[in-house]
Amino acid sequence: IMLYLSSDWFAELGFTFFNYHYTAKLIKSSYNLKCLLLKLTYRYLDNQPLNDADIRKLQDIIKIIAKEASMDKKIAQNQYRYAYYGDLRDELEYIYQNVNQRLTLKSVADKLFVSKSNLSSQFHLLMGMGFKKYIDTLKIGKSIEILLTTD
């Protein structure tokens, strides 16, 4: 299940979206989140249009993410990459510093003198996604932030 949540929806509920990083690993109400998502998915699969109750479910999802999955961006940059992801701290720092460049698994592995297979498995294990998906997600997030915060 993939659900797109616009940063505008966070703003409408009083949350400053771009000052934070988000990770599902911090969410304590994962059961509630799954129930809300399943209810919305069921209605979608049943071809039912969104109603006011569905909008409230989306708002509840946003509130859970904003309150439980958020980490201050400055704290995240200084601690999250380094402490939480231990084995990947150098790789994450390099990626973050070079996100505007073309980054491949091979180029990062070569630059940091690690094996591609180890780097790939560490991403799956610690980040819960593959290397390319992480890079793409980071680039999309940065692009959206630039588009929404600059003239």
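At R0 = 35 Å, how high is the FRET efficiency between T137 and N51 if r is their beta carbon distance? Nearest 0.05 is fine.
The pair T137/N51 has a calculated efficiency of 0.70.
Based on alpha-carbon atoms only, what is the radius of gyration of the stretch 7-71 relative to the globular estimate 2.2 N^0.38 Å?
In units of the globular-protein estimate, the stretch 7-71 measures up at 1.17.
Given Cβ point charges of +1 (Lys, Arg) and -1 (Asp, Glu) and nothing else, what value in debye, to the nearest 20, does the dipole of the stretch 89-151 about its Cα centre take?
Here the stretch 89-151 has a charge dipole of around 260 debye.
All other residues with a Cβ under 9 Å from the Cβ of L40 taken together, and with Lys, Arg as +1 and Asp, Glu as -1, what is their net charge?
Summing Lys/Arg as +1 and Asp/Glu as -1 gives +2.
Among L138, V114, T104, whose Cα projects farthest towards the positive end of the dipole of the stretch 85-149, with charges put on the beta-carbon of Lys, Arg (+1) and Asp, Glu (-1)?
Comparing the listed Cα positions along the dipole, T104 ranks first.
Please report Y96, Y31, Y134, Y4 as a ranked list, fewest other C-beta atoms within 10 angstrom at the top and most at the bottom.
Fewest-to-most ranking of Y96, Y31, Y134, Y4: Y4, Y31, Y96, Y134.
Every read-out reported here was derived from the displayed coordinates using simple, explicitly stated rules and does not represent laboratory data. Keep in mind the model is a prediction, meaning the values are calculated, not measured. Methodologically, a virtual Cβ is constructed for each residue, glycine included, from the backbone with ideal geometry; neighbour enumeration extends over all protein chains shown.
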